[in-house]
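The block underneath contains the structure these notes are about, expressed in structure tokens.
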Amino acid sequence: MTGMETLHYEFVGHQRLTTFAPVLVGVVASGNLEVLIEPADSDRCNFRIDTSARGFGAIWQAVVHDFHERHGLAGATVSINDMGATPAVVSLRLDQAASALAGARP
């Protein structure tokens, strides 16, 4: 199969964010990805992942679950555009984005 795969994950958050401007980290390039976190009117954190690496849903679920366990964001939509990044790079970019949001937490 060729083309992109789109994955969706949702978690109930416990760290409600105050109003914040969208945060973008990373760059879409071979072996890398970008992460965009935007505000959402919800108690949840929704993930949308567009990836060129098809068939790795279980690994993506483990990586975003681990991120959510560390940060527990509520009221956020996380969009990831991936071009084959390793799980370590995905975690790094997610943590960079969460760090940029540190000032938006109550």
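In contact with a Leu (Cβ under 9 Å, 6 or more places away or on another chain) and either surrounded by fewer than 16 Cβ atoms within 10 Å (Cβ to Cβ) or closer than 20 Å to A62 by Cβ (or both): which single residue out of H8, H14 fits that description? I'd like the intermediate steps shown before the answer.
Numbers: H8 fails: in contact with a Leu (Cβ under 9 Å, 6 or more places away or on another chain).
Criteria check complete, one pass: H14.
The rows are residues; the columns are (1) of a type outside the set (D, E, K, R); (2) within 25 Å of T18 (Cβ to Cβ); (3) surrounded by 14 or more Cβ atoms within 10 Å (Cβ to Cβ).
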| position | (1), (2), (3) |
| --- | --- |
| H65 | yes, yes, no |
| E69 | no, yes, no |
| L73 | yes, yes, yes |
| V78 | yes, yes, yes |
| G84 | yes, no, yes |
| V89 | yes, no, yes |
| D95 | no, yes, yes |
| S99 | yes, yes, no |
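Could you tell me which of the residues G26, G55, G13 is in contact (Cβ under 8 Å) with a residue 12 or more places away in the chain and out of contact with any strand residue (DSSP E or B) (no Cβ under 6 Å at 6 or more places or on another chain)?
Numbers: G26 fails: out of contact with any strand residue (DSSP E or B) (no Cβ under 6 Å at 6 or more places or on another chain); G13 fails: out of contact with any strand residue (DSSP E or B) (no Cβ under 6 Å at 6 or more places or on another chain).
From the options G26, G55, G13, the qualifying one is G55.
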Subset of the stretch 38-63 (residues that are surrounded by fewer than 20 Cβ atoms within 10 Å (Cβ to Cβ), more than 16 Å from G13 (Cβ to Cβ) and among the polar types (S, T, N, Q))
S52, Q61
I'd like the full set of residues that are under 12 Å from the mean Cα position of the chain (by Cα), of a type in the set (S, T, N, Q) and not in a strand (DSSP E or B), limited to the stretch 38-88.
Q61
Against the conditions (1) surrounded by fewer than 18 Cβ atoms within 10 Å (Cβ to Cβ); (2) in a strand (DSSP E or B); (3) not acidic (D, E), where does V35 fall short? Just the number, please.
(1)
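All of the numbers you see were taken from the coordinates with simple rules; none came from a lab. Here the structure is a predicted model, which is why all the values come from computation and not from measurement. Don't worry about glycine lacking a Cβ; one is built from the backbone with ideal geometry, like all the others, and counts go over all protein chains shown.
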